[in-house]
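Everything below concerns the one structure shown next.
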Amino acid sequence: MTMKRGKSSTEKKTAESIATQFGNAVEEAEFLALKMGFQALKKSEGKDKISCADNRKLLGSVNIDDDCRQAYPNSSRWDYLVGISQGNKPVAHYIEVHTANSREVSRLKKKLRWLKDFVAAQEKLHMLDAKYYWVASGRIKIPSHTPQYRALVALRKQGLTGPVKSLTLL
């Protein structure tokens, strides 16, 4: 008969230090406020489209758009940051929930540029490994024969994943 064992004290300390590292990076970033789990994600803005394969790896979430609205009122702000423990480090998953049609590709380009500039100015946040996602708020309609599709391909070369109908963070 085999018995399940709990996490060792070393595993618990590693998990705590990963969470602390992510929490400190968010805390030291301008304007951002860390929330538990997926609490920063709004139901009306894609919360039902985003999940985590293992909720024990979830480090928290940030509503970048709301948190930065007052400081950057006229900017094309990104929506969310979700921290996930991957391996022995925190990974920042930046998620934009947005209409996915040809007219919106240039808007996503502006948002991604704003996000990367904002993160680059944050002492600890920019040190985290980062992934970027575009989650479609509805249907995806960007025909492959259009200039907008070619622009999307260029965004993908910059690290953007999407648009996707739903997102499960691993």
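Since every read-out is calculated from the coordinates, none of them should be taken as a lab result. In this text the structure is predicted, and so the values were computed from the model without any measurement. Cβ: placed from backbone, ideal geometry, glycine included. Neighbour counts: every protein chain shown.
Please figure out what share of the DSSP beta bridges in the chain is antiparallel and state it in percent, rounded to the nearest 5.
Bridges in the chain that DSSP calls antiparallel: roughly 45 percent.
Neighbour counts of other C-beta atoms within 10 Å: give me 76, 106 arranged from fewest to most.
Ordered from fewest to most neighbouring Cβ atoms within 10 Å, 76, 106 come out as 106, 76.
Tell me whether region 82-168 comes out rounded, prolate or oblate; compute the Cα gyration tensor, take square roots of the eigenvalues as a ≥ b ≥ c, and use a/c under 1.5 as the rounded threshold.
Prolate.
What do you get for the angle between helix 105-120 and the principal long axis of the chain? Use alpha-carbon atoms, 0 to 90 degrees, nearest ten.
40 degrees
Using 0.36 nm times the number of residues separating residue 164 and residue 20, minus their current alpha carbon distance, what extension gain do you get?
48.8 nm is the gain from fully extending residue 164 to residue 20.
Report the extension gain between residue 117 and residue 144 in nm, rounded to one decimal, defined as 0.36 nm multiplied by the number of residues separating them, less their alpha carbon distance.
Extending this stretch completely gives an extra 6.8 nm.
What ranking of 72, 133 emerges when the number of other C-beta atoms within 10 Å of each C-beta is taken as an exposure proxy, fewest first?
In order of increasing Cβ crowding within 10 Å: 72, 133.
Over 27 Å between Cα atoms, which of 89/110; 124/165; 110/165 qualify?
89/110; 124/165
From largest to smallest, what semi-axes in whole angstrom does the chain give when each is the square root of 5 times an eigenvalue of its alpha carbon gyration tensor?
After scaling each eigenvalue by five and taking roots: 30, 19, 14 Å.
Which whole-angstrom value gives the distance between the alpha carbon centres of region 109-170 and region 14-89?
Distance between centres, Cα-based: 16 Å.
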